[in-house]
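Some notes on the structure that comes next.
The values are calculated or read from the model by the stated rules, or taken from the named source; none is laboratory data. Since the model is a prediction, treat every value here as computed from it, not as a measurement. Please note: Cβ atoms are built from the backbone with ideal geometry, for glycine as well, and neighbour counts cover all protein chains shown.
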């Protein structure tokens, strides 16, 4: 089943447009040539750091066979692709490599990661941040919005405006990766159906896009997107918990109020039980690793290949 993780509507889309249109030094590497006759330095780096280690084909060149043709999208820029490849390795793959095992992440990671330069916008204002297809492929959108020299990861304020500058890489990329990876794992091993009963009858299946995050918390959902249906609720609870600091998570709980907090904590307990019982994963240990690595991002060289 194709899982899509949708973000909220940007109120200042023009800001993103202007960011993407600034003058940059052009790179001679074509982002349209997805079957090059000769590999460049980045291709060889990807082979060493993704294919050989994790059995992942990391595709940054534009391939229209990998995109949804109902949307108009553009290729990912070469320099931005280099930066995202290094960030995804540091903030996602190596988290599970360190916290669980190399064998685990190699076994369950998607086989293909495809980068797209722009976001996909639907007619009702939804923005596609990422998709995971059957556990085999993950698409990451909006790559060209990355500010390579000023990477910012927000772990303390879940309610910070998502279109605020600097852009929050946690929201736009890493939260999405953990969310989609949760979907992959729950497709391999089901979680308890008891989770479905916690908020039964309370989901906003038709209008979740209009549910503000703070309002959702009061209803027992960590985000507006979590209020859409129980599978997204489960993945959102996991991804939000492990990418937020204890203070950041507590802000969600405080916003939820007594009733909402009780529901969210009940869901978190079931998420924790699932990961421990099904995969031997302590989500608190994973969160510690995520937070430490988040603090390290500012020191990474995102322009040069190591």
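When residue 144 is tested against (1) assigned to a helix (DSSP H, G or I); (2) touching a strand residue (DSSP E or B) at 6+ places or on another chain (Cβ under 8 Å), just one condition goes unmet, and that condition is (2). Among the candidates 256, 239, 235, 217, the residue that is more than 18 Å from residue 170 (Cα to Cα), crowded, with 19+ Cβ neighbours inside 10 Å, touching a residue at least 12 places away in the same chain (Cβ under 8 Å) and under 22 Å from the mean Cα position of the chain (by Cα) is uniquely 217. Restricting to the stretch 108-137, name every residue that is closer than 19 Å to residue 279 by Cβ, at pLDDT 85 or above and not in a loop (DSSP other than H, G, I, E, B). Listed by number, the list holds a single entry, 108.
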